[in-house]
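Each value in this text was obtained by applying a stated rule to the coordinates, not by laboratory testing. Here the structure is a predicted model, which is why all the values come from computation and not from measurement. Ideal geometry is used to build each Cβ from the backbone, glycine not excepted, and the neighbour counts take in all protein chains shown.
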Amino acid sequence: MDLSQLQSALASKSYEKIADICDEVMLQVEAHHFPKVASRGIVFQEEWPYAIHLLGHIYVNDLNSARFLWKSIPQGIKESRPELVAAWKIGQCLWNRDYAGVYGAIRGFEWSPEVIGLVTTFLDALQQGWTLDSSSQMLTVSKPKITTEQKLDPSKLQRLTEFVFHLEH
């Protein structure tokens with residue numbers, strides 16, 4: 001199973017590519033292994049980076065694919081991988097529009113080095129440009145403060161003065 005494209009996407013922080021890469025590799029592995037020997041499929045399932053795959057779908061806001069992936073993961077794998085369960089908690093909170101829960105789910109788990117960069121982008125979105133209304137539990141985009149500086153170009157001021165002068169005379 002060649003995960004070099006996935007590793008490259010993670011290293012370059014091209015998180016928007018992760019779900020597609022994982023989907024494609026998973027299809028290739030399943031097509032290659034399952035017709036031959038079922039036991040190879042079990043090895044594949046035990047080695048598959050499900051948390052990264054799940055977070056990849058969540059990152060591009062494809063919650064339907066994230067739910068489908070979650071439902072297809074064997075129960076034994078879910079039970080043996082706390083990081084996978086923590087990743088799904090983020091997806092559940094987003095699905096239910098519990099944005100305060102998203103923040104709690106991210107902050108409430110010690111993520112592995114492979115996943116931390118991806119999860120940190122969720123936190124960045126929450127911290128930069130988003131505000132949480134604690135009463136409604138909704139995230140809203142914060143409007144950036146617009147500061148307009150008028151730079152006075154002396155030549156434009158001179159032309160304006162001359163224009164006004166000619167209007168008056």
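All other residues with a Cβ under 13 Å from the Cβ of PHE68 taken together, and with Lys, Arg as +1 and Asp, Glu as -1, what is their net charge? Walk me through the numbers before you get to the answer.
Details: positive: ARG67, LYS71; negative: ASP23, ASP62.
Taking every other residue near PHE68 into account, the sum is 0.
Tally Lys/Arg at +1 and Asp/Glu at -1 over every other residue whose Cβ is under 12 Å from the Cβ of ARG81; what's the total?
Details: positive: LYS78; negative: GLU46, GLU47, GLU79, GLU83.
Every neighbour counted, the sum reads -3.
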- request: Would you mind computing, in nm to one decimal, how far apart the modelled labels at ALA125 and SER112 are, each placed 7 Å from Cα along Cα→Cβ?
  value: 2.2
